Amino acid sequence: MRPDGNTILITGGGSGIGAALAQAFADAGNHVIVAGRRQAALDAVIEGRPNMSAIAFDIDDPASIRAFAARVTAEHPTLNVLVNNAGIMRSEAIDRPRDLSDAEATITTNLLGPIRLTDVLIGHLATRPDAAIVNVTSGLAFVPFPTAPTYSATKAALHSYTVVLREQLRGRVEVIELAPPGVQTDLTPGQSTRAGYMPLPDFISETIALFAQTPTPAEILVERVRPLRFAEANGSFDDVFAMLGKVAGRG
C-alpha cells in the first residue's frame with residue numbers, strides 16, 4: 001500500500017482504532033474519509049483537518065450502504081483504499097437458550113457489513129491505481145475470547161474471507177489484514193482504561209510503521225498480537241485460550 005497520496009475510506013471512523021488510524025493516515029499525507037453512524041462523532045474526528053472528510057451511513061442497512069457508496073465515489077472519485085473497520089463486541093452466555101439479537105447484530109455489523117461494502121465498491125476500486133482493501137479483524141480471530149463467541153467467530157470468518165479476497169484480486173487490488181490485540185478503546189465498557197490492554201497511541205504508532213514497510217505486509221501484526229496469531233501453529237493454543245479465560249474472569 002502506498003504510504004501517501006491515497007484517498008482512504010475508513011468505516012467505524014468516529015472513535016477508537018478507526019478514528020486514531022484515520023488521523024494518522026491523514027498526518028502521513030493522505031486524504032481520509034471517516035464514515036459511521038454518528039455524524040457528530042465523525043465531525044469531531046476531522047475538526048481542523050482539511051485533508052479529512054466525514055460521511056454518515058448505517059453499515060447494517062444494505063440500502064444505506066448502496067447510497068453511501070454512490071455518494072462517496074461521486075464526491076471522492078480518487079478513492080483507492082477501503083478500510084473495513086466498523087465492528088461491535090458483545091458479551092454472550094451461550095450455554096442456555098437466549099435472545100439472539102446480540103449475536104445477529106454482531107454478524108450483521110462485523111461480517112455482512114464489510115462484505116456488502118466491499119461488494120459495492122470493488123468495481124470502483126479495481127479501476128484505481130494503487131488500490132487496496134484493509135480488513136480489520138482481531139487477534140481473537142485466531143484464539144476466541146470465551147465471553148465473546150460471536151464476535152470471535154465473525155473475526156475468524158473475516159480473516160478467511162480476506163484470504164480468499166486477496167487471491168481473487170491478486171494483481172488488481174492489494175488486500176491487507178489488520179489484526180489488533182486488545183487495545184484500550186471504548187469497544188466494550190471499561191476497556192479504554194483496562195490494565196493489560198495495549199494503549200491506543202502505542203498501537204497506532206506500531207501499526208503505521210508496519211504499513212510503511214515495502215512491500216506492505218499482507219498481515220499487519222503488532223508484536224503484542226503475535227502470540228494469538230500463531231498460537232495454533234506453535235502448539236500454544238490451549239495455553240493462550242486458558243489465559244484469555246482468566247482475562248474474561250472464567251479461569
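Bear in mind these aren't lab numbers, they're just calculated from the coordinates by the rules spelled out. Everything numeric in this text was worked out from a predicted model, so none of it was measured. Using ideal geometry, Cβ is built from the backbone for each residue, glycine included, and neighbour counts are taken over all protein chains shown.
List of remarks:
- Screening the candidates PHE203, PHE241, PHE211 for the property of being farther than 27 Å from LEU165 by Cβ, among the hydrophobic types (A, V, I, L, M, F, W, C) and surrounded by 13 or more Cβ atoms within 10 Å (Cβ to Cβ) yields one hit, PHE241.
- In the range 64-81, the residues that are within 12 Å of ALA35 (Cβ to Cβ) form Cβ pairs under 7 Å with partners that are of a type in the set (Phe, Trp, Tyr), at six or more places apart or across chains, as follows: SER64/PHE57; ILE65/PHE57; PHE68/PHE57.
- Index of the failed condition, THR162 passing every other in (1) touching a strand residue (DSSP E or B) at 6+ places or on another chain (Cβ under 8 Å); (2) surrounded by 21 or more Cβ atoms within 10 Å (Cβ to Cβ); (3) touching a residue at least 40 places away in the same chain (Cβ under 8 Å): (3)
- Failed condition for PHE142, given (1) under 13 Å from the mean Cα position of the chain (by Cα); (2) under 27 Å from GLY196 (Cα atoms); (3) among the hydrophobic types (A, V, I, L, M, F, W, C): (1)
- Some residue of the range 67-80 being over 30 Å from ALA248 (Cβ atoms) and among the charged types (D, E, K, R): yes
- Selection of the range 191-215 for residues being touching a helix residue (DSSP H, G or I) at 6+ places or on another chain (Cβ under 8 Å) and part of a loop (DSSP other than H, G, I, E, B) yields GLY196, TYR197.
- Flag if ALA86 is in contact with a strand residue (DSSP E or B) (Cβ under 6 Å, 6 or more places away or on another chain) and either buried (at least 18 other Cβ atoms within 10 Å of the Cβ) or of a type outside the set (Asp, Glu) (or both): yes
- Matching option when the condition is aliphatic (A, V, I, L, M), surrounded by 20 or more Cβ atoms within 10 Å (Cβ to Cβ) and in a helix (DSSP H, G or I), among LEU140, LEU187: LEU140
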